[in-house]
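In what follows, a single structure is set out as structure tokens and then discussed.
What follows is calculated from the coordinates using simple rules that are stated; it is not laboratory data. Keep in mind that this is a model prediction, so the values were computed, not measured. Note that each Cβ is placed from the backbone with ideal geometry, even for glycine, and that neighbours are counted across all protein chains shown.
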Amino acid sequence: MSEPSPKDPAPAEDAESEPRPGRVRKPIGWSTIIIAALVAVSAALVWRRDGSAGVLDILTHDLSLFSGILPRVLAGCLLGAFISEILPHEKVSRSLGPKSGLMGLLIGTAFGAILPGGPFTAYPVASALLAVGADFGATIAMVVSWTLIGYGRAVAWEIPIMGTDFTLWRIVISLPLPVLAGALGRFVYIRLYPKQLAKDDES
Amino acid sequence: MSAALLIDILLWGSVLGVGLIAFRRGPPVFKASLREGSMDFVNIVPRIALGVIGSGYIAAIIPQEVITGWLGPDSGWLGVATAAIAGAATPGGPVVGFSIGTVALKSGGGVPQVVAYVVAWALFAFQRVILWEIPFMPARFVWFRCAVSVPFPFVAAAIAMVIGKP
């Protein structure tokens, strides 16, 4: 298991020889196995209920969906890779790292709120931030902010379906949540992984 | 102009923007990140495929009526808890989630409960977690993020109760 070591910035020139920390993943992890099992059981249930036609229906529908989102996934991956390359690692770990305090959580929240695009950008970029030195707290603030107060989904879906009043009101209610979630994340993380933090401090 | 087209323009515009910055740092930096991004893409595609095709089947065995049923006019904290679970279990994309929220509002669901539902959907909707978050993020981060987020549909409902209706 190679854990991202936030204080281990690889200079840009070394990017070719060294894989960036945190973005090296096992191709098949437990999550993938659990999901595959869930999918197999669900597909079997669909087959029992609707027969092969039902299974094929969903397959063709999802395959066309899949081909539609592939270009966006590529864009998201490129965005994540470029961002992790051009962001100065030391600056990121200073302003979004474990010791960035409330300011780091606020920066994460602001970043999540203004990030364009959908999940295909938010998660690759969040993953890139983790890799270049943001801690779990600031990254949680960013992801939660993107999902709760980001304008993308609100403008495209929530306002047309739920109405402007409800949406704005719901966003106002959600304003404090990303910072709170990030703070709670930090609070729990330090207690769960005290060793990890001590190791980071040494380097 | 459709929202999807606007999103694509913003997205590729951002890619171009940061790509340009990387290019000005020198072609090796640019090439390295281009290769890195493409490798990430190649590695992620099988997981996305599993997520897209898989969540279709999972969604097919959780009918929307079940979710709507959970969002009855059950007021109080039990209603908030049910709404939070319903949000996490809602299959499909934003259209389904927000439509269920609207139906619940119109059919007499309490406002704090609907807020809890929408917030829980945004935080935990299983299809988004399976399809997007797990493939892109370290699994440990995803579970941690979800665990830490558990109180927040309730916090949102509490704020909604205090400040009143929209």
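Positive end of the charge dipole of the protein assembly as shown (Lys, Arg +1 and Asp, Glu -1 on Cβ, about the Cα centre): tell me which of A:T147, B:V111, B:W132 has its Cα farthest that way. Value: B:V111.
In nm, to one decimal, how far is the modelled label at B:I61 from the one at B:M39, with both set 7 Å along Cα→Cβ? With each label placed 7 Å out from Cα toward Cβ, I get 3.7 nm.
Each Lys and Arg Cβ is given +1 and each Asp and Glu Cβ -1; about its Cα centre, segment A:88-203 then shows a dipole of about 160 debye. Farthest toward the positive end of the dipole of the protein assembly as shown, out of A:L70, A:I190, B:F41, is the Cα of A:I190, where the dipole comes from beta carbon charges about the Cα centre. Taking the average, over residues, of other Cβ atoms within 10 Å as the packing measure, peptides A:181-192, A:142-153, A:52-63, B:16-27 rank A:142-153, A:181-192, B:16-27, A:52-63 from highest down.
Computed with the Debye formula from one identical point scatterer per Cα of chain B, without solvent, the log10 of I(q)/I(0) at q = 0.10, 0.14, 0.17, 0.20 Å⁻¹ comes to -0.51, -0.85, -1.06, -1.23. Evaluated at q = 0.07, 0.14 Å⁻¹, the base-10 log of the normalised Debye intensity for the protein assembly as shown, with identical point scatterers placed on the Cα atoms, takes the values -0.30, -1.23. Zone of A:M103 (label point 7 Å along Cα→Cβ, backbone N under 15 Å): which residues in segment A:127-170? Zone members listed by number: none at all. The packing ranking of peptides B:128-138, B:77-87, highest mean first, is B:128-138, B:77-87, where packing means the average number of other beta carbon atoms within 10 angstrom of each residue. Each stretch of four or more DSSP H residues adds -39500 (n - 2.57); spread over every residue of chain B, this sum gives -25500 deg cm²/dmol at 222 nm. Taken about its Cα centre, chain B carries a charge dipole of roughly 480 debye when the Cβ of each Lys and Arg holds +1 and the Cβ of each Asp and Glu holds -1.
Per residue of peptide B:84-94, the mean number of Cβ atoms on other chains within 10 Å of the residue Cβ is 1.
Counts of other chain beta carbons within 10 angstrom of each beta carbon in peptide A:123-130 average 5.
Among B:I7, B:G164, B:A122, which residue has its Cα positioned farthest towards the positive end of the charge dipole of chain B, with +1 placed on the Cβ of Lys and Arg, -1 on the Cβ of Asp and Glu, and the dipole taken about the Cα centre? In chain B, that residue is B:I7. Fully extending the segment from A:S64 to A:Y151 would add 28.6 nm, taking 0.36 nm per residue of separation and subtracting the current Cα-Cα distance. The angle between the Cα long axis of helix B:111-124 and the main principal axis of chain B comes to about 30°, on a 0 to 90 degree scale. The mean number of Cβ atoms from other chains found within 10 Å of a Cβ in peptide A:35-43 is 6, as a whole number.
Computed from the C-alpha gyration tensor, the three semi-axes of the ellipsoid equivalent to segment B:1-61 are 31, 19, 5 Å, from longest to shortest. Between B:R25 and B:R140, the simple spin-label model (points 7 angstrom out along Cα→Cβ) gives 2.5 nm. Charge dipole (Cα centre; +1 on Lys/Arg Cβ, -1 on Asp/Glu Cβ; no other charges) of segment B:1-61 amounts to roughly 260 debye. For A:V188 and A:A40, a Förster radius of 41 Å and the Cβ-Cβ distance give a FRET efficiency of 0.75, rounded to the nearest 0.05.
Highest average first, the peptides B:109-120, A:113-124 ordered by how many other beta carbon atoms sit within 10 Å of their residues are B:109-120, A:113-124.
When chain B is treated as a GNM with alpha-carbon contacts under 10 Å, the residue of B:A122, B:A104, B:A49 showing the greatest mean-square fluctuation is B:A49.
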